[in-house]
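Below is one structure, written out as structure tokens; comments come after it.
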Amino acid sequence: MLTMTGSEIPSDTRAEAIDMRDLAAYPTDRRIVGARCEEGGVIVDWDDGRQSRFHAVWLRDNCACSACRHPQAMERQFLLIDAPERITIQEAQTTLGGHLLVRFGAERPGDAPHVSRFDAGWLRHHCYSDWARAERAWHPRSWNALGNSPGTALIPTVEYKAVMETDAGLAEWLTAMRDWGVVLLRNAPAEPGEGLRIAGRVGPVRPTNFGTSYDVVSMPNPNASAYTPIGLEPHTDLANWRWPPDFQLLFCVANEAEGGGSILVDGFSAAEELRRCDPEAFDLLSTQPIDFRFQDETCDIRHRAPAIELDHAGAFKSIRFNNWLRAALDLPEAKVEPTYRALRTLWGYLRDPRFQLRPRLAAGEMLAFDNARVLHGREPFDPNTGRRHLQGCYLDRDLVLSRLRLLERRRMSEGEPKSGPR
Ligand code: OGA
Ligand code: ZN
Ligand code: ZN
């Protein structure tokens, strides 16, 4: 039923966006052209021919009126537990502004029916029909050394000044981190502490047993392989933590020694190759937890997890691979040799030049990469031939993605008209 009579439609729905008590912007050029009750919910027709179905309980749960969502905190006040188990809808209609108005059945005899209004842009962005969820799904942009990639010389690159001084530069840096899993920042002052200053554009860094930031230099009594001049096979950092830091920032203060080039591998690409070429090994590494451990005078941190973590649909969630942090295998006897074999096979792809990028950091450059996805390593260096000094710190994904969303919020509020259907 498409009802376009203005009589019962409150004036706030005529042209303005509906206040969904949501600070994010949900721009859309689409308008709702029809709405009808059907099968315990509402079918919404859009002007581009798409159709959305919303269940009554979902609509009731997401009502953003001041009784259902706290006007200031914007958090849900509606109590699903106290609502009738079967929520019904009396009427659904399109408002003049192209939004949706829903009148629910009375919850108790004699109660006034609850009326909810849904902004068209918000609804379109929250539609959970298969087509909409497929459109919204995020996919990492996979790469290797050969193609479909940023390429050896083409690691996404941003300028220090743009990142530090502009929203657009910051957004570009973080978007590359999120989507490619690696980004090079260049032309920063080659000063100690600069990496932390850049990280401050996002938010507080994630401290670990190595501190809020750490100096990667060759030192006399190292408590970690990174603090020696030896080469580092591709690895993820802090694989021995239950929740390793999500993003790693490695800032180069000096890189004058012979050797010491960096190595980067898209672990999702390499693991995909393992899935294709050796499904048995892939299956083992993605299901069988193995042990990781770091110990020094101050800590002994251990965790057991599969090297490859998948979501329920088989998509990659994370890679955990670090030879010096791998603890003694504690597995059923029959799995010991197959696990070693599978680890060797995966390691072979990580070492394979087809999958490796080998940039060499210069003073004032910084690599930022997704530590749950992109493995990093380095060639050995000779500390007698010159100074090599990197500084590292970590950021959690929640804060990286939050910063990106805030930048988007600001871009929308500055660039877009505030009224009219979004
Ligand atoms: C590290 C590391 C690489 C390098 O500190 O985690 O892997 O280039 N360093 O020194
Ligand atoms: Zn409400
Ligand atoms: Zn490392």
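The values are calculated or read from the model by the stated rules, or taken from the named source; none is laboratory data. As the structure is a prediction and not an experimental result, all values here were calculated from the model. Ideal geometry is used to build each Cβ from the backbone, glycine not excepted, and the neighbour counts take in all protein chains shown.
Evaluate the stretch 61-70: report whether one residue or more is crowded, with 20+ Cβ neighbours inside 10 Å and assigned to a loop (DSSP other than H, G, I, E, B).
Scanning the stretch 61-70 turns up at least one residue that is crowded, with 20+ Cβ neighbours inside 10 Å and assigned to a loop (DSSP other than H, G, I, E, B).
Is it the case that some residue within the stretch 280-299 is free of Cβ contacts under 8 Å to residues at least 40 places away in the same chain and either more than 25 Å from the chain's Cα centre (by Cα) or within 16 Å of ligand 1 (Cβ to nearest atom) (or both)?
Here is the first cut: in the stretch 280-299, the ones free of Cβ contacts under 8 Å to residues at least 40 places away in the same chain are 283, 286-287, 289, 291, 295.
Okay, now just the ones that are also either more than 25 Å from the chain's Cα centre (by Cα) or within 16 Å of ligand 1 (Cβ to nearest atom) (or both), so 291, 295.
Yes, the stretch 280-299 has at least one match.
Please note which helices (runs of 4 or more DSSP H) are completely contained in the stretch 141-223 and include at least 2 residues that are within 16 Å of ligand 1 (Cβ to nearest atom). Show your work before the answer.
Details: elements: 160-165, 167-179, 194-199.
Result: 194-199.
Suppose we filter Ala112, Ala73 for residues that are within 16 Å of ligand 2 (Cβ to nearest atom) and closer than 30 Å to Gly203 by Cα; which single one remains?
Details: Ala112 fails: closer than 30 Å to Gly203 by Cα.
Of Ala112, Ala73, the one residue that is within 16 Å of ligand 2 (Cβ to nearest atom) and closer than 30 Å to Gly203 by Cα is Ala73.
Just checking, how many residues over the stretch 71-113 are more than 15 Å from Val42 (Cα to Cα), surrounded by 13 or more Cβ atoms within 10 Å (Cβ to Cβ) and more than 33 Å from the chain's Cα centre (by Cα)?
Counting residues in the stretch 71-113 that are more than 15 Å from Val42 (Cα to Cα), surrounded by 13 or more Cβ atoms within 10 Å (Cβ to Cβ) and more than 33 Å from the chain's Cα centre (by Cα) gives 7.
Here's the yes/no breakdown for (1) touching a residue at least 40 places away in the same chain (Cβ under 8 Å); (2) farther than 21 Å from Arg358 by Cα; (3) assigned by TED's automatic domain parsing to the domain that holds Ala362; (4) surrounded by fewer than 23 Cβ atoms within 10 Å (Cβ to Cβ):
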{"residue": "Ser213", "(1), (2), (3), (4)": "yes, yes, yes, yes"}
{"residue": "Asn223", "(1), (2), (3), (4)": "yes, yes, yes, yes"}
{"residue": "Ile230", "(1), (2), (3), (4)": "yes, no, yes, yes"}
{"residue": "Trp241", "(1), (2), (3), (4)": "yes, yes, yes, yes"}
{"residue": "Asp246", "(1), (2), (3), (4)": "yes, yes, yes, yes"}
{"residue": "Phe251", "(1), (2), (3), (4)": "yes, no, yes, no"}
{"residue": "Ala257", "(1), (2), (3), (4)": "yes, no, yes, yes"}
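Being of a type in the set (Phe, Trp, Tyr), within 14 Å of ligand 1 (Cβ to nearest atom) and at pLDDT 95 or above is the filter here, so list the residues in the stretch 224-279 that pass it.
Restricting attention to the stretch 224-279, the residues satisfying the condition of being of a type in the set (Phe, Trp, Tyr) are 227, 241, 243, 247, 251, 268.
Cutting the leftovers down to within 14 Å of ligand 1 (Cβ to nearest atom) gives us 227, 241, 247, 251.
Across the stretch 224-279, the qualifying residues are Trp241, Phe247, Phe251.
Quick one: which of Leu390, Leu361, Leu343 is over 21 Å from Ala171 (Cβ atoms) and in a strand (DSSP E or B)?
On the way: Leu361 fails: in a strand (DSSP E or B); Leu343 fails: in a strand (DSSP E or B).
Going through Leu390, Leu361, Leu343 in turn, just one is over 21 Å from Ala171 (Cβ atoms) and in a strand (DSSP E or B): Leu390.
Quick check on the stretch 216-230: of everything there that is small (Gly, Ala, Ser) and within 30 Å of the chain's Cα centre (by Cα), which residue is farthest from Phe381 (Cα to Cα)? Give the derivation first.
Within the stretch 216-230, the subset small (Gly, Ala, Ser) is 218, 224-226.
From what is left, the residues that are within 30 Å of the chain's Cα centre (by Cα) are 224-226.
Values: Ala224: 16, Ser225: 13, Ala226: 11 Å.
Per the criteria, the residue is Ala224.
Please go through the stretch 210-223 and give me each residue that is modelled with pLDDT of 95 or more and more than 14 Å from ligand 3 (Cβ to nearest atom), ordered by number.
Residues of the stretch 210-223 that are modelled with pLDDT of 95 or more, as a first pass: 210-215.
Selection gives Gly211, Thr212.
Of the residues Asp119, Asp130, Asp82, which is in contact with a strand residue (DSSP E or B) (Cβ under 9 Å, 6 or more places away or on another chain), among the acidic types (Asp, Glu) and either away from ligand 3 (no atom under 16 Å from the Cβ) or outside the structural domain of Cys37 (by TED's automatic domain parsing) (or both)?
Details: Asp130 fails: in contact with a strand residue (DSSP E or B) (Cβ under 9 Å, 6 or more places away or on another chain); Asp82 fails: in contact with a strand residue (DSSP E or B) (Cβ under 9 Å, 6 or more places away or on another chain).
None of the other options fit; the residue is Asp119.
Just need a number here: residues in the stretch 44-70 that are polar (S, T, N, Q) and within 16 Å of ligand 2 (Cβ to nearest atom).
Going through the stretch 44-70, the residues polar (S, T, N, Q) turn out to be 51-52, 62, 66.
Then keep just the ones that are within 16 Å of ligand 2 (Cβ to nearest atom); that gives 62, 66.
Adding up the residues that qualify gives 2.
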